[in-house]
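We did not get these values from a lab; they are worked out from the coordinates using the rules stated. Computed from a prediction, not measured in an experiment: that's the story for all the values here.
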Amino acid sequence: MVKICCIGAGYVGGPTMAVIAIKCPAIEVVVVDISKPRIDAWNSDTLPIYEPGLDDVVKACRGKNLFFSTDVEKHVAEADIIFVSVNTPTKTRGLGAGKAADLTYWESAARMIADVSKSDKIVVEKSTVPVKTAEAIEKILTHNSKGINYQILSNPEFLKEVYAHWVPEENIITTNLWSAELSKLAANAFLAQRISSVNAMSALCEATGANVSEVSYAIGKDSRIGPKFLNASVGFGGSCFQKDILNLVYICECNGLPEVANYWKQVIKINDYQKSRFVNRVVSSMFNTVSGKKIAVLGFAFKKDTGDTRETPAIDVCKGLVGDKAQVSIYDPQVTEDQIQRDLAMNKFDWDHPMHLQPTSPTAVKQVSVVWDAYEAAKGAHGVCILTEWDEFKKLDYQKIFDNMQKPAFVFDGRNVVDAEKLREIGFIVYSIGKPLDGWLKDMPAVA
Ligand code: NAD
Ligand code: UDX
């Protein structure tokens, strides 16, 4: 029986290995991690990650050909193929701080593989890494090898080279190592650039009276542009886009390409601008102050159908509102109070480092409360900010919400999910990203 061991039981390692296990019953898959709480959660009824369908896949294979363990060395030693999907955060200090990828976790995994291996191994880079990491890893492995052969592959999370068992061959792209590594960074940079482009247009739409949804629809009809990934929003979040672009910027700078580096940096600058523009809009609409006012925040995850809050725009928006002394009441169907308080207490870039660097019991931000119901969050509030596009926010009883709010009652829709016209009929003043402004908002222009 072929044995796979995956180092890193996170958002990538856990779900990817669960799919390999269900698609390949003849392969034994063990996912290992140094974090005991994470492994315990994978072995429990409450998985550490929420994703539609994941529970069923894990429960169908766990204990049969899918296992989760903290016994890292034993399973690495026994494996034929080792996937490495450890975190590769942005460096927080030293050379390249704030940009370069921190390969500490990758390197320590590679050294451990060299240490415990007694048979030939295929080592698969699953983490997103800077170009030429495979070469560095190969050096670590071969210089410490004790006569063992290693083959190093790069299989970034979105590619499918080793999945011929269930992916048609014509869909499998094979490239040289460096192209594979760079493709991952390039894909995320292009995707993020698309969102920053549409978000930049959203500011212009608000200024001119155009409607960003109509603009997106119109340009998306050109097949060279295409209709996907053109939704204006309060900003992109998630663990990859910003980190990978910063990494790309650093690689460009190291290769003497400052113009290219600056080009990609601008994608992040527009994203930061979009988040602060949103906060400014909230504050300016309410007579230039939210001090002491209750503001409801609906949605904290970086997108719907996940409990993942890494780099979520909600962090910057909530920090901005708290900075202006608002009382913020947050509701998200999948994010716990503990997680939200941890996120709001954490320094930039610390989230992707191991648990011991993160505050275990963070000093709660006093102006922030977390509730388990959208109506509770909005009760007595002056404004409601929608920051994640959860389907349930489309179906709320907005009349009930309006009746229980202070007047004038505002809705700031950071995801364009509500029917603004219906809400205006109820009596709300509504701000939708990139849409023509209410008379009230026009009279109170936001200064970014
Ligand atoms: P994660 O933080 O959720 O998981 C990484 C896990 O690795 C952690 O549980 C950590 O404890 C473990 N780990 C670190 N060092 C270890 C070691 N030496 N031995 C055993 N376990 C160790 O991260 P993630 O979101 O799964 O991302 C992993 C990699 O995949 C990153 O490089 C990321 O950039 C890339 N990636 C992530 C996504 C995504 O959507 N999350 C998508 C594409 C690529
Ligand atoms: C991304 C890449 O899409 C994926 O290929 C890669 O492997 C990991 O990073 P993910 O972070 O899970 O995936 O989410 P994605 O759906 O790409 O959304 C990223 C962010 O962009 C979210 O905050 C989302 O709300 C935002 N977004 C997306 C927009 O604001 N507008 C859009 O039109 C699309």
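Annotations
- Under the Debye formula (equal points on every Cα, no solvent term), log10 I(q)/I(0) of the range 187-443 at q = 0.09, 0.13, 0.17 Å⁻¹: -0.40, -0.84, -1.37
- Taking all pairs of distinct alpha-carbon atoms in the range 2-173, Kirkwood radius in angstrom: 16.6
- Amide H contacts under 5 Å for L153, placed H, 5+ residues apart: V123, V124, E125
- Axis of helix 104-116 versus longest Cα principal axis of the chain: the two differ by about 20°, to the nearest ten degrees.
- Of K269/K395; K132/K304; K228/K269; K221/K435; K184/K435, those spanning more than 30 Å from alpha-carbon to alpha-carbon: K269/K395; K132/K304; K184/K435
- Alpha-carbon centroid distance for the pair the range 129-202 / the range 203-281, whole angstrom: 23
- Straight Cα distances below 20 angstrom link K294 to the lysines K275, K319, K325, K366, K379, K400, K407, with same-chain residues fewer than 8 positions distant left out.
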